[in-house]
1. Under the classification rounded if a/c is under 1.5, otherwise prolate if a/b is larger than b/c and oblate if not, where does segment 414-482 fall, given a ≥ b ≥ c as square roots of the Cα gyration tensor eigenvalues?
2. Cut-off under 25 Å on the C-alpha distance; same-chain residues fewer than 8 positions from Lys520 excluded. Which lysines are left, in chain and number order?
3. Would you rank Leu495, Leu35 by solvent-accessible area, highest first, keeping every protein chain in place and using a 1.4 Å probe?
4. So who's got an amide H within less than 5 Å of the one on Arg189, skipping anything under 5 residues away but keeping other chains? H placed 1.01 Å off N, in plane.
5. My understanding is that a pair violates if its Cα-Cα distance is over 19 Å; which of Lys339/Lys384; Lys26/Lys125; Lys26/Lys160; Lys143/Lys188; Lys125/Lys251 do that in this structure?
6. Amide H of Val252 versus every other amide H placed in the peptide plane: which residues, excluding those fewer than 5 positions away on the same chain, fall under 5 Å?
7. Take the solvent-accessible surface of the protein heavy atoms, probe 1.4 Å, and return the percent of it on segment 383-471 that carbon and sulfur atoms account for.
8. Among all the lysines, which ones have a C-alpha under 16 Å from Lys303's C-alpha, if same-chain residues fewer than 8 places away are not counted?
Amino acid sequence: MEQTRLHDEINRRRTFAIISHPDAGKTTLTEKLLLYGGAIRQAGSVKSRKTRTYAVSDWMEIEKQRGISVTSSVLNFDYNGYHINILDTPGHQDFSEDTYRTLVAADSAVMLLDGAKGVEAQTKKLFHVCRKRGIPIFTFVNKLDRVCKNPFDLIDELEKTLGIHSYPVTWPVGIDGVFKGVYNRALKRLELFETDGDHGIKVTVSQVMELYNPELKALIGSEAYNSLCEDISLLDEAGEEFDIAKVLSGKVTPVFFGSAMSNFGVQQFLEDFIQMAPTPGQRNTSMGVLAPDDNEFSGFVFKIQANMDPKHRDRLAFVRICSGQYEKGMQVYNTRMQKNIRLAQPQQFLAQDRAVVEEAYAGDIVGLFDSGELRIGDTLCSEKNPFRFDPIPMFPAEHFAYVSAMDAGKRKQFVKGINQLQTEGAIQVFRTSESAGERRIAGVAGALQLEVLSYRMLGEYNAEIRIEQLSYQHARWIIPEEANLDLPVLEGDILRVVDRFDRPVILFRNNWVLQRIMNKNPNVEFTDIAPLEHESIAD
């Protein structure tokens with residue numbers, strides 16, 4: 001392919017994740033970006049139970065019923081010459097490890113804040129993951145159509161709590177929760193919005209006015225107008241100059257204000273964001289740094305999902321393309337498996353709606369049909385110059401339970417479902433030497449994941465399961481595996497198990513027990529992230 005065209009295609013890609021605390025409005029914002037991007041004609045609010053209109057990014061039945069996102073969605077659309085890849089992640093803390101894995105595939109992140117609550121606990125965790133990776137963060141302060149904190153207080157909280165400088169790109173117009181629209185500082189103009197009570201399911205027509213238009217004061221009221229002029233004067237006098245280099249290095253976060261539900265500020269955010277957001281960047285590999293415009297195709301698997309299409313019960317591996325171009329029917333080398341595989345009919349998505357990909361470039365996310373061979377973290381590259389991308393870590397479980405099939409006749413379905421959900425990274429699976437039949441121990445990061453496990457096992461595999469909660473809080477792998485341990489604890493304080501690769505793991509009742517055993521065994525490493533040696537072989 002001509003190098004100039006490859007470069008141009010990569011430069012028009014924008015791949016980002018949306019992160020937030022639960023209930024900050026992340027799925028709603030995703031829907032409105034799709035709406036303004038022309039990808040959908042009508043946004044589905046997770047609140048709209050009467051009309052049974054659901055969020056496009058929530059494709060699982062349990063998500064529609066509960067109004068929460070429990071798995072990452074991948075959404076693609078074109079807007080103003082740009083190709084947008086949105087990674088909509090679960091906001092609920094019980095599904096944080098899915099979010100962490102997804103962030104590895106993103107070039108930037110949009111951090112969504114509730115205007116009334118500010119920076120919340122889950123936001124802090126996800127922010128620090130982004131910062132550790134060095135990816136740029138863009139902030140959208142949501143729900144400004146309700147009574148919220150003072151915008152200056154929100155900016156101050158953002159900087160003090162997260163330790164990142166901010167630059168307000170837009171500013172809310174209105175007082176006491178009665179918001180009229182948003183002011184764009186660079187364009188020096190106001191966008192006024194009308195609400196019609198339909199939760200913004202359609203594109204809202206906005207009225208654009210210059211700040212010093214004589215009609216503006218009468219339109220929004222003298223109090224709101226005078227307050228806006230004072231705020232803008234303060235920002236211009238005390239604030240920093242906008243520096244895109246500091247944004248792209250993660251030192252400054254551009255801040256936008258609006259309401260995803262009512263469409264305040266969404267289109268302005270989308271247009272400014274795609275201008276500021278980074279193009280696909282370099283990636284670290286075992287052979288050095290890889291540039292996105294390298295002619296050789298490469299990518300890595302960051303997510304595996306089964307049963308997105310209930311009619312076909314298929315399994316898809318989501319691949320982030322890191323360099324080069326996908327060509328229809330091409331073969332690539334799987335470094336872990338040490339063999340070539342064919343990329344047959346890769347898909348791109350609007351949630352569960354799919355389109356076959358004819359071409360794709362660095363920055364794009366595609367789904368590959370997988371017969372069960374691929375795993376999270378697999379590197380796909382050229383056989384001529386094989387390498388590995390940095391590994392995707394496995395995150396520690398904090399809740400454990402025995403799981404078994406209620407009906408012994410459903411053994412086959414039970415084993416298939418447990419193995420599949422383990423491969424997806426939805427659960428970790430352990431077993432003891434005394435495990436009867438097919439009983440397994442499931443480890444999850446959040447308690448709600450056990451409920452989803454039960455729901456998916458029944459709905460997708462027709463296997464109703466029994467869940468028996470265990471009173472352990474920590475799992476630790478042992479290095480070296482053959483170490484003789486001094487275990488000065490009561491029976492029941494620990495449980496010896498093995499993982500899917502037969503590696504020894506110990507479950508600990510609480511942190512006190514863990515610390516005591518660590519102190520008694522100073523020459524043994526107790527790690528909460530599984531060793532990677534076994535991932536490097538085809539098994």
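The values are calculated or read from the model by the stated rules, or taken from the named source; none is laboratory data. Predicted model, so just to flag it, every value in this text is computed and none were measured. Cβ sites come from the backbone with ideal geometry, for glycine too, and all protein chains shown count toward neighbours. The protein model used for the area step is the full one, side chains on, heavy atoms only, and it has no ligands, DNA or RNA in it. Shrake-Rupley method; radii C 1.70, N 1.55, O 1.52, S 1.80 Å.
1. Note, shape of segment 414-482 comes out prolate.
2. none
3. Listed by decreasing accessible area, they come as Leu495, Leu35.
4. Those qualifying (amide H under 5 Å, at least 5 residues apart or on another chain) are Asn184.
5. Lys26/Lys160; Lys143/Lys188
6. Val247
7. Within segment 383-471, the accessible surface is 49 percent carbon and sulfur.
8. none
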